[in-house]
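Quick one: the structure is below, and I'll ask about it shortly.
The values are calculated or read from the model by the stated rules, or taken from the named source; none is laboratory data. Keep in mind that this is a model prediction, so the values were computed, not measured. Heads up, the Cβs are rebuilt from the backbone with ideal geometry, glycines too, and the neighbour counts pull from every protein chain shown. Heads up: the accessible areas ignore ligands, DNA and RNA and are worked out on the full protein's heavy atoms, side chains in. Shrake-Rupley method; radii C 1.70, N 1.55, O 1.52, S 1.80 Å.
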Amino acid sequence: MKERILVTAVALLVMGGMAQAQDTDLHGYVDVTWSGKYVWRGFDIYGDKSAVHPSLDLNLFGTGLGVNVTGHRANSGGFENGERWDYNLYYLNSLLEGNIQYRLGWVYYNYPDQSSGLADLQEVHAILSLPKICPFGTVPSYVLVKLWPSESGSMVGSRSPAGGTASGFAHIFMLDYAWTVGGILPDTPEQVLNLHAEAIYNDGVGPNGANVDHDWSNAVFGVSTNIDLAQNVVLTPGIYHQVTMDKSVNPDKDETWVSMGLKYQF
């Protein structure tokens with residue numbers, strides 16, 4: 001049943017995009033990212049082990065509608081049940097001549113190695129960005145997340161042995177800044193460093209059914225940059241540091257990791 005709902009939703013989005021298309025092209029990208037750790041909204045998913053994240057993103061004919069599929073898999077054994085695939089349907093647009101940008105999305109989180117969807121989740125989110133409100137190009141954003149178990153009586157819902165639940169809200173506050181510096185690579189006169197900071201308020205949501213506090217959970221600081229390897233091929237190295245403020249989310253407290261992404265845009 002869940003699979004039919006997902007397929008129907010994707011088909012409706014595709015048909016809606018094609019109906020609005022006026023000789024526009026299908027754009028998107030294919031990406032594979034390696035990360036030294038997989039830290040998701042403060043949670044260390046694979047216990048400090050590295051992970052790989054393949055993804056496909058399609059912008060449907062310039063309509064603002066899009067489809068994204070992203071996988072997460074640990075590079076070490078013992079985490080097979082934690083493999084996850086995210087199926088994301090979204091809509092992008094802007095208001096007031098681009099002064100307000102927003103994204104509305106629905107995500108289905110599927111754990112294929114867990115039987116009967118006992119760990120599967122669903123999410124709706126809204127992302128609001130204000131790219132022109134701050135001086136010097138700093139872009140503030142706010143994300144409102146509502147997460148819930150796909151099956152109410154699942155191991156991340158009412159049957160959670162930890163007594164928590166995956167149902168609830170999260171609030172994410174972000175700042176981004178594109179800092180242009182002198183060229184750090186041969187034949188590159190300048191390089192753009194993408195500086196990122198975010199803080200998360202977790203309103204008691206434990207994606208794995210953990211009993212999580214209603215509190216500020218963590219803050220993340222990072223820097224990444226894009227390196228053009230060939231036409232439409234981009235390498236993106238990054239480094240990130242998390243300050244953990246709530247041990248119910250991450251008992252290991254602070255985390256530091258690096259990432260390396262390779263993207264082909266079309």
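Could you derive backbone 3J(HN,Hα) for region 100-110 from the dihedral phi with the Karplus parameters 6.51, -1.76 and 1.60 (θ = phi - 60°), listing whole Hz in sequence and x where the residue is Gly or Pro?
10, 10, 9, 9, 10, x, 10, 10, 10, 9, 10
Under a GNM of the chain (C-alpha, springs under 10 Å), which listed residue has the highest mean-square fluctuation: Trp40, Trp148, Trp216?
Its mean-square fluctuation being the largest, the pick is Trp40.
Here is a further query. Can you tell which of Ala166, Ala199, Ala126 shows the greatest fluctuation in a Gaussian network model of the chain with Cα springs below 10 Å?
Judging by the Gaussian network model, the answer is Ala126.
Taking springs between alpha-carbon atoms closer than 10 angstrom, which of Val181, Val39, Val223 fluctuates most in the Gaussian network model of the chain?
Checking each option, the largest mean-square fluctuation is seen for Val181.
Over the chain, with the other protein chains present, what is the accessible area per residue in square angstrom, probe 1.4 angstrom? Display every interim value, and only then the final one.
Working: 13970 Å² over 266 residues.
Using a 1.4 Å probe on heavy atoms only, each residue of the chain averages 53 Å².
OK, next. Which of the trypsin sites (Lys or Arg not before Pro) found in region 104-161 are loop residues per DSSP with 16 or fewer other Cβ atoms within 10 Å of their Cβ?
Numbers: sites: Lys132, Lys146, Arg159; in loops: Lys132, Arg159.
Listed in order of number, the matching sites are Lys132, Arg159.
Viscosity 1.567 mPa s, temperature 4 °C: give me the Stokes-Einstein translational D for region 119-266 in µm²/s, with Rh taken as the Kirkwood radius over C-alpha pairs. Intermediate values should be presented prior to the final figure.
Numbers: Rh = 17.6 Å.
Roughly 74 µm²/s, to the nearest whole number.
How large, in percent, is the carbon and sulfur part of the accessible surface of the chain at a probe radius of 1.4 Å? If you can, show how the numbers build up before the last one.
Working: 8390 of 13970 Å².
Taking all protein chains in place, the chain shows 60 percent carbon and sulfur surface.
Additional query: Please work out the Cα convex hull volume for the chain and give it in Å³ per residue.
Details: hull volume 38.7 nm³, N = 266.
Dividing the Cα hull volume of the chain by its residues yields 145 Å³.
Kindly provide log₁₀ I(q)/I(0) values, in the same order as q = 0.23 Å⁻¹, from the Debye equation applied to equal alpha-carbon scatterers of region 46-165.
Summing over Cα pairs of region 46-165 leads to -1.27.
At R0 = 45 Å, how high is the FRET efficiency between Lys247 and Lys132 if r is their beta carbon distance? Nearest 0.05 is fine. Write down the numbers at each step before the final one.
On the way: r = 39 Å, r/R0 = 0.86.
Calculated value: 0.70.
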